[in-house]
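The values are calculated or read from the model by the stated rules, or taken from the named source; none is laboratory data. In this text the structure is predicted, and so the values were computed from the model without any measurement. Cβ placement follows ideal geometry from the backbone for every residue including glycine, while neighbour counts extend to all protein chains displayed. These area figures cover heavy atoms from the full protein model, side chains too; ligands, DNA and RNA do not enter into them. Shrake-Rupley method; radii C 1.70, N 1.55, O 1.52, S 1.80 Å.
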Amino acid sequence: MANSGVTADGGDLMRYAEYGPKTAPRSDAEIDRRLGGTLIAVGLGVAAAGFAGRYAFQLWKPLGQVFSQSVKKMPSLAFSPYYKGGFEQKMTKREASLILGISPTSTKAKVREAHRKVMVLNHPDKGGSPYIAAKINEAKDLMDKDIRR
């Protein structure tokens, strides 16, 4: 019994819980005292959370008004995915890429694909504007001219 985990002389090397020293059973008064302390701590925590919530709701009204006023002051087009303004007098590469919805450094294949998609949506035979169709074609021509790939 040399490797069983318990020394022959009853020393302090104990491997299993059943060999541990027995604890004295707790009395009902001690259990009630510990339970009472726990309940008081939980009650204080709930009360603190309630007061913090009440304080937050009192602060929320003025903060909500300030937030709504600041949102109203922001320009509505600042978050718009659309290009603000009309066409430039002479089309630039930036404007052409915005019209086609591609990067200014796109390949010829991407330019052709983007042109086809935009023209399908805006073709004059399908109810689109001839002016917009002309601008789309101008954008494609400008992007094709600038790409040397």
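Summary of values
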| read-out | value |
| --- | --- |
| Test: residue in segment 76-97 that is touching a Gly at 6+ places or on another chain (Cβ under 9 Å) and modelled with pLDDT of 85 or more | no |
| Close pairs (7 angstrom Cβ cut-off, 6 or more residues apart or separate chains): modelled with pLDDT of 90 or more in segment 126-138, in a loop (DSSP other than H, G, I, E, B) and open to solvent by 60 Å² or more (accessible area, probe 1.4 Å) anywhere | Ala133/His123; Lys135/Phe87 |
| Matching helices (runs of 4 or more DSSP H) fully within segment 84-149 where at least 1 residues are within 32 Å of the chain's Cα centre (by Cα) and of a type in the set (Gly, Ala, Ser) | 93-100, 108-122 |
| Pairs with Cβ under 6 Å, 6+ apart, first in segment 90-109 and more than 12 Å from Lys135 (Cβ to Cβ), second open to solvent by less than 50 Å² (accessible area, probe 1.4 Å) and of a type outside the set (Phe, Trp, Tyr) | Gly101/Ala114; Ile102/Ala114; Pro104/Ser97; Lys108/Ile147 |
| In segment 104-121, the residues that are touching a helix residue (DSSP H, G or I) at 6+ places or on another chain (Cβ under 8 Å) and either open to solvent by 80 Å² or more (accessible area, probe 1.4 Å) or at pLDDT 90 or above (or both) | Lys108, Val111, Arg112, Ala114, His115, Val118, Met119, Val120 |
